[in-house]
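The values are calculated or read from the model by the stated rules, or taken from the named source; none is laboratory data. No experiment lies behind these values; they were computed from the predicted model shown. Glycine also receives a Cβ, built like all others from the backbone with ideal geometry; neighbour counts cover every protein chain displayed. The area values use the complete protein model at the heavy-atom level, side chains included, leaving out ligands, DNA and RNA. Shrake-Rupley method; radii C 1.70, N 1.55, O 1.52, S 1.80 Å.
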Amino acid sequence: MRIGFYQFSPEFGAIDKNLNKMASTLLTTEADLIVFPELANSGYLFLNSAEAESLAEPIPGPSTEFLTKLAVERGCHIVMGMPEKSGQKRFNSAVLIGPQGVVGSYRKAHLFDEEKLHFQPGDRGFPVFEIHGVKIGILICFDHIFPESARTLALQGVQILCYPSNLVLPTYGQLTTRVRAIENHLFTILANRCGTDDRGSKQLSYTGGSQIVAPDGLVLASAPEEREQLSVVEIDPSQACGKGVSLRNDLFADRRPDLYKL
Ligand code: ACM
């Protein structure tokens, strides 16, 4: 299975431009699963909730229809972060889309900083999706720092954990997504954005450093901090099935929930 990420710098508010950029990049590669960053169609740095409202879309909606056509054309599956409008509510969501359309979506559970002003926290838990018989999970950016999120997905058999992100804190997410791969013995794909947002009264710099990590912690692909990069690697998802790390240790069977206070 060929899995990858596209690290780039979405332009704030330019949904058509950002979608077309993702589409033209995808034309240059063959992949079964590609992950784009958090809020990749809309951009991240909202000045107010009215901006978030004007850029949010239902799922399915115009952006997912665009990506479905792309998935048909490329014969691939796509994970992309996007602001979701659902009735009176907005969520910081990510969709999984294949040639058949929307496979499912995830609503970010752990909102970061000003996201709390513009979005509701996720209300649907941590769903598991399946493509080509491989179990896929999605977490979004700051979710990375809560090990319970990844563990919840791993205990449901997830083999590939996708992290569409807009990381701003130094190195945390690059470290934790490597640790989440090791402690759960699964593949992680961190698709972070790069670049700087300057919205006049607000600025943010993003940390890039997207990566694909194998269940043994080996970094299979990585991007620099500041540049756009598309990376695709070939993996065997069955490597994420067994959880044994020594003759007498299994990462899941050795857990001691009787001792944990969660
Ligand atoms: C983040 O959760 N976008 C830092």
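Here are a few things to note about the model shown:
- Inter-residue pairs, beta-carbon under 8 Å, first more than 17 Å from Glu57 (Cβ to Cβ) and within 13 Å of the ligand (Cβ to nearest atom) and in segment 103-122, second part of a helix (DSSP H, G or I) and open to solvent by less than 20 Å² (accessible area, probe 1.4 Å), 6+ apart: Ala109/Asp143; Ala109/Ser149; His110/Asp143; His110/Ser149; Phe112/Cys141
- Members of segment 172-197 that are within 13 Å of the ligand (Cβ to nearest atom) and within 22 Å of Pro215 (Cβ to Cβ): Tyr172, Gly173, Gln174, Thr176, Thr177, Leu190, Ala191, Asn192
- Members of segment 104-128 that are more than 15 Å from the chain's Cα centre (by Cα) and among the aliphatic types (A, V, I, L, M): Leu117
- Which listed residue, of Thr207, Thr188, is in contact with a Gly (Cβ under 8 Å, 6 or more places away or on another chain) and either assigned to a helix (DSSP H, G or I) or surrounded by 19 or more Cβ atoms within 10 Å (Cβ to Cβ) (or both): Thr207
- Residue pairs whose Cβ atoms lie under 9 Å apart, separated by 6 or more positions or on different chains, with the first residue in segment 161-176 and over 17 Å from Tyr44 (Cβ atoms) and in contact (Cβ under 8 Å) with a residue 12 or more places away in the chain and the second more than 12 Å from the ligand (Cβ to nearest atom) and open to solvent by 30 Å² or more (accessible area, probe 1.4 Å), are Gln174/Ser222; Thr176/Pro147.
- Checking Gln239 against (1) open to solvent by 80 Å² or more (accessible area, probe 1.4 Å); (2) part of a loop (DSSP other than H, G, I, E, B), the condition it does not meet: (2)
- Reported count of residues in segment 127-143, each being more than 16 Å from the ligand (Cβ to nearest atom) and in contact with a Phe, Trp or Tyr (Cβ under 8 Å, 6 or more places away or on another chain), is 4.
- Test: residue in segment 145-153 that is within 16 Å of the ligand (Cβ to nearest atom), in a loop (DSSP other than H, G, I, E, B) and open to solvent by 10 Å² or more (accessible area, probe 1.4 Å): yes
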